[in-house]
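The values are calculated or read from the model by the stated rules, or taken from the named source; none is laboratory data. Since the model is a prediction, treat every value here as computed from it, not as a measurement. Glycine also receives a Cβ, built like all others from the backbone with ideal geometry; neighbour counts cover every protein chain displayed.
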Amino acid sequence: MKPWFVAVLTLALLAACGQNAAVSTRTVAGIGTVLTDSSGKTLYFADQEAGGKVVCTASCLAIWQPVIATSDPVSGNVPGKLATVKRPDNGKSQVTYDGKPLYTFQVDGGPGDAKGNAAKDTFGGVSFSWHAATTGGAAPDNGGGSGGTTY
């Protein structure tokens with residue numbers, strides 16, 4: 001059975017059980033196995049949020065959307081640790097992977113896109129370096145990122 005099929009089947013079963021199936025995986029060319037949200041979009045983290053400290057707030061959220069948990073995050077095939085951290089701006093629980101808060105990228109068109117990998121931008125005086133979250137940690141810099149704040 002193909003790994004992507006297992007991931008889709010696992011998500012369907014977890015959703016049918018009424019659990020929060022927030023994170024799964026898929027293979028993205030040039031990057032490897034990336035974490036995805038329930039709709040298949042690539043998930044990212046920023047170096048500046050090491051240790052679970054959320055600093056992407058306000059205008060940053062127009063480009064980087066936090067993955068919000070409605071219950072404890074569940075995964076059928078992600079090898080790292082899923083948990084949550086309370087956001088300082090609205091008190092919602094944001095999903096983390098190995099302590100790193102996770103986001104989707106507004107510019108990604110859908111499943112399989114990873115345009116935010118190696119992106120660098122600045123919001124509220126904080127310079128961010130973004131990486132696609134992979135099962136091996138950070139994705140390699142494949143030159144696919146935006147490289148600046150012009151999206």
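What number goes with the only condition from (1) closer than 17 Å to residue 129 by Cβ; (2) without any contact (Cβ under 8 Å) to a residue 60 or more places away in the chain; (3) surrounded by 15 or more Cβ atoms within 10 Å (Cβ to Cβ) that residue 93 does not pass?
(1)
When residue 118 is evaluated against the numbered criteria (1) under 20 Å from residue 30 (Cα atoms); (2) aliphatic (A, V, I, L, M); (3) assigned to a strand (DSSP E or B), which criterion, by number, is the only one it fails?
The failed condition is (3).
Which residue pairs have Cβ atoms closer than 6 Å, lie 6 or more positions apart in sequence or on different chains, and pair a first residue in the range 106-118 that is within 14 Å of residue 134 (Cβ to Cβ) with a second residue that is small (Gly, Ala, Ser)?
From residues that are within 14 Å of residue 134 (Cβ to Cβ), the pairs are 114/132; 117/132; 117/139; 117/144; 117/145; 118/145.
Taking the range 52-67, which residues are modelled with pLDDT under 95 and either buried (at least 21 other Cβ atoms within 10 Å of the Cβ) or not in a loop (DSSP other than H, G, I, E, B) (or both)?
Of everything in the range 52-67, just one residue is modelled with pLDDT under 95 and either buried (at least 21 other Cβ atoms within 10 Å of the Cβ) or not in a loop (DSSP other than H, G, I, E, B) (or both), namely 52.
Of the numbered conditions (1) in a loop (DSSP other than H, G, I, E, B); (2) modelled with pLDDT under 95; (3) farther than 14 Å from residue 33 by Cβ, residue 83 satisfies every one except a single condition; which is it?
(1)
Return a yes/no flag: does the range 77-87 have any residue that is surrounded by fewer than 21 Cβ atoms within 10 Å (Cβ to Cβ), among the charged types (D, E, K, R) and in contact (Cβ under 8 Å) with a residue 40 or more places away in the chain.
No, every residue in the range 77-87 fails to be surrounded by fewer than 21 Cβ atoms within 10 Å (Cβ to Cβ), among the charged types (D, E, K, R) and in contact (Cβ under 8 Å) with a residue 40 or more places away in the chain.
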